[in-house]
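The structure under discussion appears below in the form of structure tokens.
No lab work stands behind these numbers, since they all come straight from the coordinates. In this text, all values refer to a predicted model and were calculated from it rather than measured experimentally. Positions of Cβ are generated from backbone atoms using ideal geometry, with glycine treated the same way; all protein chains shown enter the neighbour counts.
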Amino acid sequence: MRVEHIYRYPVKGFSAEAMEEVTLTPGQCLPHDREFALAQADSGFDTAAPVWMRKTNFACLMANARLAKLHTAYDPKTGEWAIRPAEGQPLIANIHTAEGRNLAEEYLTQFMGEEARGRLRFVEAPGYNFTDIPQKSVSIISLASLHALERAAGMRLDPIRFRANIYVSGGKEWGDFDLMGQEIQLGQARLRVWKRIVRCPATEVNPETAERDAKPPRVLREHFGHADLGVQAEVLDGGRVSIGDSLEALSPT
């Protein structure tokens, strides 16, 4: 299989950012992946003592489809986070500063309207990633499996709906599920595939229109007997992964 796309999602629920290459670190997510989030006022998330919480404690596409109307971009060197709505005024805030986070909170609380349960909090906790599972992983989707889902759904499905880190071509449909429990070589990195990804209603949201115009979880269940697309993999040995690199199963030693 061949790496076709690499994405990170710096702020949970907001835009994907394409990358040409990335350096993976053992036991970690992609650098800057889900590094920040907008916590709902009633979440109780403690940045000083972070514990994993369900996604609905934060602004997320599953509950807040309107987030897809915003196009965002983050520069980790400067701290600038740009928010550009389909309509209305954009915002550029330095989220490395309290002032910049305050601006982002005000802007997004207003944008979210009744879906904001009080004032949103822009949160970060050192060493913590706001992922949908407690474990630090890299998510991988086989485009062959996605194409099988598209045929069953009778429509094209933007891969970004599924918010994976790595998309690979080649191999058979659902062949990534055969890698469960195995070690893989991904570019220069070695990983262990340990979990299939169960899909939630966030995948119903079209990332271009913010409309709920498809039901991937239901189509998966009706046509394939499960609601899974993609796998999670733990980084064992770090290294660079680039577009065009191969993903290969490693033989047991």
Between segment 128-190 and segment 6-24, how many Å separate their Cα centres?
-> 14 Å
Work out the P(r) tail for segment 188-231: percent of alpha carbon pairs separated by more than 11 Å, whole number.
-> 69 percent
Could you tell me the largest-minus-smallest coordinate of the C-alpha atoms of segment 37-123 on each of the three principal axes, in descending order and whole angstroms?
-> 31, 28, 18
HN-Hα J in Hz across segment 25-32 - Karplus 6.51, -1.76, 1.60, θ = phi - 60°, x for Gly and Pro = 10, x, x, 10, 6, 4, x, 6
Straight-line reach from Lys195: which lysines have a Cα under 23 Å away, not including same-chain ones fewer than 8 places off?
-> Lys12, Lys55, Lys136, Lys172, Lys215
log10 of Debye I(q)/I(0), alpha-carbon scatterers only, for segment 70-113 at 0.19, 0.22, 0.29 Å⁻¹ | -0.53, -0.69, -1.07
Mean projected area (nm²) of the alpha-carbon convex hull when the chain is viewed from all directions | 13.5 nm²
What ranking, highest mean first, results for peptides 18-26, 41-49, 139-147 when packing means the other Cβ atoms within 10 Å averaged over each residue?
-> 139-147, 18-26, 41-49
log10 I(q)/I(0) for segment 1-146, Debye formula on C-alpha points only (no solvent), q = 0.16, 0.19 Å⁻¹, two decimals, reads -0.89, -1.25
Along Cα→Cβ, 7 Å out, is where each label goes; now give me the distance between the ones at Gln188 and Ala152 in nm to one decimal.
-> 3.8 nm
